[in-house]
Amino acid sequence: CLILSFFSRGKLGRYPPWPGKIVNPPKDLKKPRGKKCFFVKFFGTEDHAWIKVEQLKPYHPHKEEMIKINKGKRFQQAVDAVEEFLRKTKGKDQASSHNSNEEKNRRNSSEERGKPSAGEEKRKASLSEGKLKKGTGEGKKRVSSVSSERGSKSPLKRAQDQSPRKRGRPPKDEKDLTIPESSTVKRVMTGTVAGFKWPPSVSEPVKDSDPHFHHFLLSQTEKPAVCYQAITKKLKICEEETGSTSIQAADSTAVNGSITPTDKKIGFLGLGLMGSGIVSNLLKMGHTVTVWNRTAEKCDLFIQEGARLGRTPAEVVSTCDITFACVSDPKAAKDLVLGPSGVLQGIRPGKCYVDMSTVDADTVTELAQVIVSRGGRFLEAPVSGNQQLSNDGMLVILAAGDRGLYEDCSSCFQAMGKTSFFLGEVGNAAKMMLIVNMVQGSFMATIAEGLTLAQVTGQSQQTLLDILNQGQLASIFLDQKCQNILQGNFKPDFYLKYIQKDLRLAIALGDSVNHPTPMAAAANEVYKRAKALDQSDNDMSAVYRAYIH
């Protein structure tokens with residue numbers, strides 16, 4: 001069944017509707033509990049998810065309206081994929097109908113040729129009557145056998161009747177795929193889904209892939225309003241030649257019912273753009289979570305979802321086994337640990353502290369030393385991603401420090417991310433995170449520079465994006481940030497002030513080892529100008545405005 005899927009984007013608003021078709025889920029994929037939903041495969045992607053009934057609409061009546069609203073290249077590619085699917089389905093239906101008519105004509109012709117004359121029928125009838133008088137029982141038995149063989153039941157019907165389930169009651173799978181929609185939806189029903197080819201399962205080897213990594217089934221659909229179920233969720237620890245390790249989920253949709261939550265009590269400090277999504281996913285996966293935030297009102301939503309409220313960081317740490325923290329910068333990270341009623345006051349032997357903030361190596365090393373001096377255990381675990389990926393549970397976690405604590409956090413990392421890496425001693429994760437964000441921030445500045453150059457030279461910015469999306473630079477990041485600029489929408493997904501902070505820290509990291517970072521330095525100056533133009537609290541893509549003012 002062709003549909004348009006409407007699903008919310010949590011606090012960010014709504015995603016545009018996306019065309020898909022209802023398909024049969026894999027046999028080992030359990031259906032989520034709660035409201036009725038269907039398994040949908042989205043056109044133009046390899047994504048698939050359980051979608052609630054109320055979030056589905058028939059494709060054809062809404063097609064033109066949606067095309068007008070959504071101008072993106074990827075949406076148009078999805079629509080093209082739908083039309084191609086319809087053409088192929090129509091061709092198959094016509095061929096099937098033609099073959100059916102030919103078969104019917106051959107059968108009628110055969111019956112006419114084999115039909116006996118009236119005289120032959122009388123002769124056969126008299127012979128049959130005599131035989132029946134001799135052996136009535138045998139005759140009845142033979143007639144019954146012939147009748148059963150020549151009856152109207154097809155082989156499929158006979159097989160269904162022979163199945164052990166009760167007649168009149170459809171199997172569970174059939175009930176799940178019954179579409180309680182209007183006749184409009186029924187009219188857009190198309191063919192079977194047997195032709196849908198699934199990506200390789202996690203148990204199958206993936207050709208030409210890095211042996212250190214699982215094959216991922218990537219999904220961009222959102223968790224807050226959509227019920228998903230991971231196909232499998234096995235834990236794999238991979239050792240690399242460098243000595244770093246990674247805990248990885250076999251399926252990056254990372255969701256409901258597939259993770260066995262730790263029985264340890266979890267604390268979380270800091271409910272900003274990243275922390276909010278992380279806590280939401282921890283709760284959804286069944287973890288026991290106590291939250292604290294400097295602005296207490298932000299805790300209310302999570303209390304309603306089942307979290308407990310901590311009055312101070314010290315209280316959270318003292319009542320929980322593992323406490324995570326995610327704050328904005330080195331100063332905030334230090335104040336959280338060393339300040340009044342801070343983390344350090346709640347640390348006792350065996351208590352665990354995981355700092356997920358993006359800070360410099362010196363800061364995280366200092367925090368580790370004071371935590372361990374009180375008998376605590378320390379892990380740094382900054383995350384690569386943005387608000388959307390945080391909400392999706394699709395972050396990449398870079399960890400270093402206490403290896404045993406890293407393994408104790410495995411169910412939490414699976415809930416909040418698609419993969420995590422252990423990078424050795426404290427400080428390594430901070431350095432790696434700054435390098436990652438340095439590359440990302442510099443790339444964003446280059447994108448903005450290219451779009452403005454296109455504009456001032458009379459070139460179409462949209463055409464530039466289309467060209468980039470067809471080349472080697474194509475990525476979700478590129479497409480999303482360019483769309484932000486073209487639409488003038490700079491609602492924060494990653495604050496501009498934070499990417500500038502990361503660039504500044506990365507440049508300092510280069511200085512500490514006498515390594516030049518001229519590209520990052522140039523990008524940093526552009527972000528500083530954007531901050532002077534009051535863009536600090538906008539998305540990093542607002543760096544574009546530094547070029548047009």
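The values are calculated or read from the model by the stated rules, or taken from the named source; none is laboratory data. Everything numeric here is computed off the predicted structure, so don't read it as measured data. When we count neighbours, we look across all protein chains shown, and the Cβ atoms used for this are built from the backbone with ideal geometry, even at glycine. SASA here: full protein model, heavy atoms, side chains in, ligands and nucleic acids out. Shrake-Rupley method; radii C 1.70, N 1.55, O 1.52, S 1.80 Å.
The residues packed around P518, meaning those with a beta-carbon under 13 Å from its beta-carbon, carry a net charge of -2 if Lys and Arg are +1 and Asp and Glu are -1.
Under the rule a/c < 1.5 gives rounded, and otherwise a/b versus b/c splits prolate from oblate, where does segment 405-445 land using the Cα gyration tensor? It comes out oblate by the Cα gyration axes.
Set the bar at 30 Å for Cα to Cα. Now go through K63/K531; K21/K298; K334/K531; K90/K481 and name every pair that lies beyond it.
Details: K63/K531 41 Å; K21/K298 38 Å; K334/K531 24 Å; K90/K481 38 Å.
Correct reply: K63/K531; K21/K298; K90/K481.
The residues of segment 364-455 present an accessible area of 31 Å² per residue when probed at 1.4 Å with all protein chains retained.
Return one quarter of the surface area of the convex hull spanned by the alpha-carbon atoms of segment 286-402, equal to its mean projected area, in nm². Show your work: numbers first, answer last.
On the way: hull surface 28.6 nm².
Approximately 7.1 nm², given one-decimal rounding.
In the P(r) worked out for segment 320-474, what percent of Cα pairs fall beyond 18 Å? Here the long-distance tail beyond 18 Å is 63 percent of all Cα pairs in segment 320-474. Mind grabbing the base-10 log of I(q)/I(0) for segment 270-309 at q = 0.19 Å⁻¹? Debye formula, identical points on the C-alpha positions, no solvent, two decimal places. So the normalised log intensities work out to -0.43. The simple spin-label model puts a point 7 Å past each Cα toward its Cβ; for I435 and V456 those points are separated by 3.4 nm.
Using a probe of 1.4 Å, the accessible surface attributed to H515 totals some 110 Å² when neighbouring protein chains are kept in position. Normalised size of segment 333-421, defined as Cα radius of gyration per 2.2 N^0.38 Å with N residues, equals 1.09.
Dividing the Cα radius of gyration of segment 421-501 by 2.2 N^0.38 Å, with N the residue count, gives 1.31.
Take peptides 428-435, 55-62 and line them up by average Cβ neighbours within 10 Å, highest first, as a rough protection proxy. Can you show the working numbers first?
Details: 428-435: 23.2, 55-62: 18.2.
Descending mean neighbour count gives 428-435, 55-62.
Working from label points 7 Å from Cα in the Cα-to-Cβ sense, the L301 to K31 distance is 3.1 nm.
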